[in-house]
Structure formats: C-alpha cells, structure tokens
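Down below is the structure, laid out as structure tokens.
No value in this document is a laboratory result; all are computed from the given coordinates. Since the structure is predicted, the reported quantities are computational estimates derived from the model, not experimental observations. So basically every Cβ, Gly included, is an ideal-geometry build from the backbone, and we count neighbours across all protein chains shown.
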Amino acid sequence: MEMKIYTKQGDKGGTGLLGGHKVKKSHQRLEAYGSVDELNTWVGMIRSYPIPNIEADILIQIQRKLFMIGSYLAYDAENATKPVSDLPMINENHVVCLEQQIDRMNEHLPELSNFIMPGGDPQSGACHVARTVCRRAERRVVALCESIEINSVIIRYLNRLSDYFFVLARYLSQHNKTKEILWKNEV
C-alpha cells in the first residue's frame with residue numbers, strides 16, 4: 001500500500017499530538033516544536049554547503065537531537081498510551097558535547113572584542129540564521145514551560161546550541177578566509 005503524504009486532517013487548522021489529542025495549529029506546543037523543526041531544516045541547509053567533514057558529522061548528530069526534542073515537545077502525556085520514558089531523550093552529556101565542540105573551535109579563533117555583523121559567506125550566514133531560529137525555539141520552549149512541565153535539559157541544550165552556531169559561523173568564516181565585519185557604534 002502506498003503511503004500518501006497528505007492526510008487532509010489538518011485542513012481545518014488542527015493537528016494531533018503524539019498520543020492523539022487534537023490541538024489548534026496555533027497552540028504553544030506547535031509553536032515550540034515547529035521552531036525546532038525549522039531549526040533542524042536550517043541545520044540541514046548548513047550541511048548542504050561545502051564544510052569540513054567533522055562539522056558535517058556533528059551537524060548530523062545535532063539534527064538527531066533536534067528530532068528527539070521535537071518528539072518530546074509533541075508528546076501528549078495526558079492522552080498517550082506509552083510513557084514518556086519510551087521516547088529517546090537528550091541528556092546533560094549532550095549539552096557537555098556541545099560545550100566541547102564550542103571550545104574546540106574557539107581555540108582557533110581570534111578573541112572577540114566587538115559584536116560581529118551576521119553574514120559573510122553563505123555557510124556562516126546560514127549559521128547566523130540557525131542561531132537566531134535556535135534562540136526563537138528556546139523562547140518558545142520557555143513559554144511552553146509556563147503551561148506544561150518540560151525537561152529542563154532541553155532549554156540548556158537549545159541555549160548552548162545557539163552559542164554553538166555563533167562559534168561555528170566564526171569558525172567557518174575563518175576556514176573560508178572570509179573577513180568578519182565588526183559592529184561599530186557609528187551614527
């Protein structure tokens with residue numbers, strides 16, 4: 001049997017969470033996991049550019065973690081037939097791994113004394129977009145925490161991930177020999 005990509009179930013502005021409960025597509029939960037999905041797409045965009053293999057491999061691992069986060073955020077504990085513990089979940093070690101990657105790249109970068117203008121080459125520009133989408137996803141998850149309990153490591157991971165994209169943008173600029181443009185307070 002051929003699987004169709006469209007179900008027509010969302011044509012009236014609703015969607016089902018993992019567990020079956022229906023919510024409006026404007027629901028806070030969808031804003032949160034939709035932003036994580038958008039971030040995951042930007043990570044794929046960065047990978048589509050020529051970048052060092054080690055960075056591409058790390059980005060694939062990040063995409064896997066973002067899928068885990070998206071599943072967790074889409075999980076409806078009240079109506080689910082399986083416990084949340086059945087879902088794959090990120091943990092504190094994943095946050096530490098991001099910190100290690102940030103430190104590894106930062107060792108090769110000049111010290112930062114000013115803000116950097118986002119952009120440069122296409123790879124670095126895509127990293128800056130991913131950084132800002134990551135910050136939005138983090139804000140959406142924090143807002144969702146006001147109405148449901150969320151594993152706090154998700155917020156730490158997203159926070160560190162935005163830092164990772166900032167450093168990756170700088171690292172790729174240096175790798176591509178693209179000059180960073182520093183922000184100056186000029187009137």
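The residues F166, F67, when put in order of fewest to most other Cβ atoms within 10 Å, stand as F67, F166.
If each residue's Cβ is checked for other Cβ atoms within 10 Å, how do C134, C97 rank with the fewest at the top?
Numbers: C134 28, C97 18.
Lowest to highest Cβ neighbour count: C97, C134.
Legend: ranking of residues M45, M68, M117 from fewest to most surrounding C-beta atoms inside 10 Å; resulting order M117, M45, M68. Qualifying GluC sites (Glu not before Pro) in the range 129-181, where qualification requires a DSSP coil assignment and no more than 13 other C-beta atoms within 10 Å, comprise E146, E149.
Report the local net charge at E180: Lys and Arg +1, Asp and Glu -1, summed over other residues whose C-beta lies under 15 Å from its C-beta. Charge balance in the 15 Å sphere: +3. For the pair the range 96-121 / the range 132-178, the C-alpha centres are spaced 14 Å from each other.
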